[in-house]
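Student: Pasting in a structure now, in structure tokens, and then I'll have a few things to ask.
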Amino acid sequence: MIDVLIMSPAYYATGGVELLHQLCAEMSKHEGIHARMLYRNAVSYGSPQPEEYEEYGCAYITQLPQDYSGYIVFPEIWANDVTKSQYDKCKPVIFWESVDNYFQFCKPKDYFKFLERNGVLHLTQSVYASRFLFKLGHCSLFIGDYINDDFFSGYDLSNRNPWVLYNPKKGWDFTSKLIEYCGDEICFKPIRNLSRNEVIDLMRHCMVYIDFGDHPGKDRLPREAAMCGCCIITGKNGAAGNYTDVNIKDDYKFTRWDQSLYDIKRQILSVLDNYEYHHSRFSDYRSGIWNEKSTFQEKVENLCEWWCKNENS
């Protein structure tokens, strides 16, 4: 039996943390794999596992076993930890759920410190991350991710409000300029302090979702909004800069500078005036999102099979 620990922050509920639980749950289906969550910074009382992710049924521990020699999956925010002495005996795996977040969680003097450790397996959530590692001379295994099943329960094209959704935590500097530029002609609605069900309900009654954030990985909100019927307009930063991670047509992607404000406003108004036509132009994007879960399951299964084969050879 191959032991795998998937490192995660305790108590936190974010898209990246959910993906770590999805990975653990998928690995646990393989009869040759014993996968558990390893929660960091857990206190001695209460469950460190976010209630939102109990549905994945992941076993967990809060302390690294002494002299642990199995696999440890480090999310990229802790990529440099693979060089720490307490992990010398483990088989290190770095899961690049994003690229940009890595640089936010380490000091400039420690950039690329993870390269000091040999024998690291790199997993990626996005083509953006795969290309980042390739430029550093490292191969990686793309496994992707998928959004929660709750977003696949269908929607109605009617009963839509001419509203534009945005996440105030993503690209606010530019988004605030756009909101000011559009004035009273367009109604913008923030996604803020809502439960998952409330987000879904809001998305199912709006026409547009915009995202001018950095897209450090293949972000979930644009995909969730698309599966609720929204048309998607993004910038070209990070993963949004390629058409594999964010597979929407070029006239819905804009460079994040002031000269684009007029064209973005014009495209939003076009969507609001002719919603059903624009909605039809996202069919390829939605089809790809439909297939992400099966792709993820297949990639993780292949990884588990490869580990088992190598351990038994």
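Student: Starting from one equal scatterer on each C-alpha and no solvent at all, send me the Debye-based log10 I(q)/I(0) for the chain at q = 0.12 Å⁻¹, two decimals.
Tutor: Normalising to I(0) and taking log10 leaves -0.85.
Student: Cross-link candidates for Lys309: which lysines have Cα within less than 27 Å, leaving aside residues fewer than 8 places away along the same chain?
Tutor: Lys29, Lys89, Lys91, Lys293, Lys299
Student: Short version: ³J(HN,Hα) in whole Hz for each residue of segment 246-253, in order, from phi by Karplus 6.51 cos²θ - 1.76 cosθ + 1.60 (θ = phi - 60°), x for Gly and Pro, what are they?
Tutor: So the J values, rounded to whole Hz, are 10, 8, 10, 5, 4, 7, 10, 10.
Student: Right, another one. If amide H atoms are built 1.01 Å from N in the plane of the peptide, which residues on other chains or at least 5 residues away come under 5 Å of the amide H of Trp163?
Tutor: Under 5 Å from the amide H of Trp163: Met207, Val208.
Student: Skipping prolines and chain starts, which residues have an amide H placed within reach, meaning under 5 Å, of the one on Asp3, given they are 5 or more residues away or on another chain?
Tutor: The answer is His34, Tyr71.
Student: Starting from the Kirkwood radius over alpha-carbon pairs of segment 149-290, derive D by Stokes-Einstein at 4 °C in a medium of 1.567 mPa s and give it in µm² s⁻¹.
Tutor: Values: Rh = 14.9 Å.
This corresponds to a translational diffusion coefficient of 87 µm²/s.
Student: Which whole-Hz couplings ³J(HN,Hα) result when phi for each residue of segment 94-106 is put into the Karplus expression 6.51 cos²θ - 1.76 cosθ + 1.60, θ = phi - 60°, listed in order with x for Gly and Pro?
Tutor: Listing the rounded values in order: 10, 9, 7, 6, 8, 10, 4, 5, 4, 6, 7, 9, 9 Hz.
Student: Using Cβ contacts closer than 10 Å as the measure, can you line up Tyr68, Tyr45 from fewest to most?
Tutor: Working: Tyr68 18, Tyr45 6.
In increasing order of surrounding Cβ atoms, one gets Tyr45, Tyr68.
Student: Which value in deg cm²/dmol, rounded to the nearest 500, describes the helix-derived mean residue ellipticity at 222 nm for the chain, given -39,500 (n - 2.57) per DSSP H run of n ≥ 4 and division by the residue count?
Tutor: -10000 deg cm²/dmol
Student: Can you tell me the relative contact order of the chain? Whole percent, Cα pairs under 8 Å, sequence separation 6 or more.
Tutor: Relative contact order for the chain comes out at 15 percent.
Student: Return one number: the angle in degrees, 0 to 90 and rounded to the nearest 10, between the long axis of the Cα atoms of helix 283-312 and the longest principal axis of the Cα atoms of the chain.
Tutor: 0 degrees
Student: Taking the 0 to 90 degree range and rounding to the nearest ten, how far is the long axis of helix 172-182 tilted relative to the main principal axis of the chain, both from C-alpha atoms?
Tutor: 10 degrees
Student: Hey, another quick one. Residue by residue through segment 151-165, which ³J(HN,Hα) values in whole Hz follow from phi under the Karplus form 6.51 cos²θ - 1.76 cosθ + 1.60 (θ = phi - 60°), with glycine and proline marked x?
Tutor: Going residue by residue, I get 7, 10, 8, x, 7, 10, 6, 7, 6, 9, 8, x, 10, 10, 8 Hz, with x marking Gly and Pro.
Student: Would you mind checking which residues have amide H under 5 Å from Arg281's amide H? H placed 1.01 Å from N; only 5 or more apart, or other chain.
Tutor: The list, which skips near neighbours in sequence, is empty: none.
Student: Moving to a separate point now. Say we join alpha carbon atoms closer than 10 Å with springs in a Gaussian network model of the chain; which of Ile186, Ile77, Ile264 then has the biggest fluctuation?
Tutor: Maximum fluctuation in the GNM of the chain, among the listed residues, is at Ile186.
Bear in mind these aren't lab numbers, they're just calculated from the coordinates by the rules spelled out. Remember, it's a predicted structure, so these values are computed and weren't measured experimentally. As a convention, Cβ positions derive from the backbone with ideal geometry for all residues, glycine included, and neighbour counts pool all protein chains shown.
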